[in-house]
Amino acid sequence: METEKLWQQFKKKLAEVGDFEELEKLRVEFLGRKGKINQLFQKVTSLPPEKRKEFGQEVNRLKGKIQKAFLSRERKIKASLERNLTGKKIDISLPGKEVSLGHIHPITQMKWEVADIFQRMGFEVLEPQEVTTDYDNFTALNIPPDHPARDMWDTFWTKEGYIPITHTSSMQNWIYRHRHPPIRAVVIGRCFRNEATDMGHEHTFHQIEGVYVDKGITVANLIETMRVFFSEFFGKELRAKVRPSYFPFVEPGLELAIECVLCGGKGCSVCKQSGWLEILGCGQIHPRVLEEGGIDSKKYTGFAWGMGLERMIMLRMGIEDIRHFHSGDLRFIRKF
Ligand code: PHE
């Protein structure tokens, strides 16, 4: 029987099929337009009339059987693809999961940007040593033990008597000892204070310190350097001014203010209607501090400044609470 022979042949081939591609080849071979089934149908015409009907029905039955076998084989291949290596069934029609790549934290982004601006202005950029000695954090800065000015910094101490730096000025003495004038250096790094936290204060925060030491450096150089930096950082020309302040390591000690970046000097809630933002402490480096660092204060003068990085980011990006930065709250982080 020809149909029976073809069925056996088909079953043998179907058993060898491993994937959809092979299955499709087999389908063309048997069910295609020029396939084996159609070839059988063509034989009908060569048969005597009384045998034609029976033969035709037989071939039709075979065709149906083959089609069914195809379908079930197709389902089996699909099911085996849906099993992963652990043997669990997975739904390959589910939409893919989005993979989060993460990105650079806003503080790091801004650290890089600030470093870039100062580098273009000719400053070397350094990182502070985060835990240091009483000498580097205080004494070398003209703040001897028991000096009341130590109260300006709520200091943490380690059991061994070291200090997680309370300000980046802790690097000043190291810089004077390791560089020769002209010195232009910026320190960007983390500082730590034993402070109660609120919207404007964190126990861990970043400062940007800068020193410029050379012959004939004055407060005029300081104001203009700061003005140029802030104009670059905020992307518009800003005015700057100073007023007296006090830090033991500078004389005169100053506080620098820039034109309010939000209202342009007209007065708003951020600048408390003054039109100015007090943004950093600075001044002419105290001669004693230069001498302590091995620099001849009769020959050289310089200026220094220290400012909070978070405050500047908050002003630039309209962030109202400093505690967001370390909250780990992804809703905050993802905004940048
Ligand atoms: N270190 C000072 C502070 O943290 C800021 C400062 C730096 C002031 C350099 C003057 C000169 O408050």
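Read-outs: derived from the displayed coordinates by stated rules, not from any lab. Since the structure is predicted, the reported quantities are computational estimates derived from the model, not experimental observations. FYI the Cβ positions are ideal-geometry reconstructions off the backbone, even for glycines, and counts take in every protein chain you see.
Worth pointing out:
- Between the helical axis of 20-31 and the longest alpha-carbon principal axis of the chain there is an angle of about 20 degrees.
- Taking the three principal axes of the alpha carbon atoms in the stretch 240-336, the coordinate ranges are 53, 34, 17 Å, sorted in descending order.
- Between the alpha-carbon centres of the stretch 89-114 and the stretch 216-252 there is a gap of 39 Å.
- Given charges at Cβ of Lys, Arg, Asp, Glu: the stretch 97-163 dipole, positive-most of ILE107, THR158, MET121: ILE107
- Quotient of the Cα radius of gyration of the stretch 187-308 and 2.2 N^0.38 Å, N being its number of residues: 1.15.
- Here the extension length gained between TRP7 and CYS263 equals 83.4 nm, from 0.36 nm per residue of separation less the Cα-Cα distance.
- Exposed GluC sites (Glu not before Pro) absent - longest run of the chain, DSSP non-H/G/I/E/B, at most 15 other C-beta within 10 Å: 238-319
- With contributions of -39500 (n - 2.57) from each DSSP H run of at least four residues, the per-residue ellipticity at 222 nm computed over the chain stands at -12000 deg cm²/dmol.
- For ARG190, net neighbour charge (Lys/Arg +1, Asp/Glu -1) across residues whose Cβ lies under 15 Å away: -3
- Cα long-axis angle, helix 106-120 against the chain (0 to 90 degrees, to the nearest 10): 60 degrees
- Placing a pseudo-label 7 Å from each Cα along the Cα-to-Cβ vector at ASP198 and HIS178 gives an inter-label distance of 3.7 nm.
- Pair-distance distribution P(r) for the stretch 2-85, from all Cα-Cα distances in 10 Å bins starting at 0: 16, 45, 25, 11, 3, 1 percent.
- Annotation note: trypsin sites (Lys or Arg not before Pro) in the stretch 1-53 located in DSSP loop regions with a Cβ neighbour count of at most 12 within 10 Å are ARG33, LYS34.
- For ILE163, net neighbour charge (Lys/Arg +1, Asp/Glu -1) across residues whose Cβ lies under 9 Å away: -2
- The stretch 119-153 and the stretch 1-55 have Cα centres separated by 91 Å.
- Isolated Cys in the chain, by beta carbon distance under 4.7 Å: CYS191, CYS282
- Of the chymotrypsin sites (Phe, Trp or Tyr not before Pro) in the stretch 232-335, those whose Cβ has at most 16 other Cβ within 10 Å and which sit in DSSP loop: TYR246
- Other residues whose C-beta falls under 11 angstrom from the C-beta of VAL131 contribute a net charge of -2, scoring Lys and Arg +1 and Asp and Glu -1.
- Base-10 log of normalised Debye intensity for the chain (one unit scatterer per alpha-carbon) at q = 0.10, 0.16 Å⁻¹: -0.68, -1.34
- Rounded to the nearest 20 debye, dipole of the chain from Cβ charges on Lys, Arg, Asp, Glu: 3520 debye
- Here the Gaussian network model covers the chain, with springs between Cα atoms less than 10 Å apart; of PHE123, PHE41, PHE205, PHE41 fluctuates the most.
- Residue-normalised convex hull volume from the C-alpha trace of the stretch 52-131: 230 Å³ per residue.
- Between 0 and 90 degrees, the angle of helix 2-16 with respect to the longest Cα principal axis of the chain falls at about 20 degrees.
- Dipole orientation for the chain: of the candidates PRO181, LEU330, THR168, LEU330 has the Cα lying most toward the positive pole (charges on Cβ; Lys, Arg +1; Asp, Glu -1).
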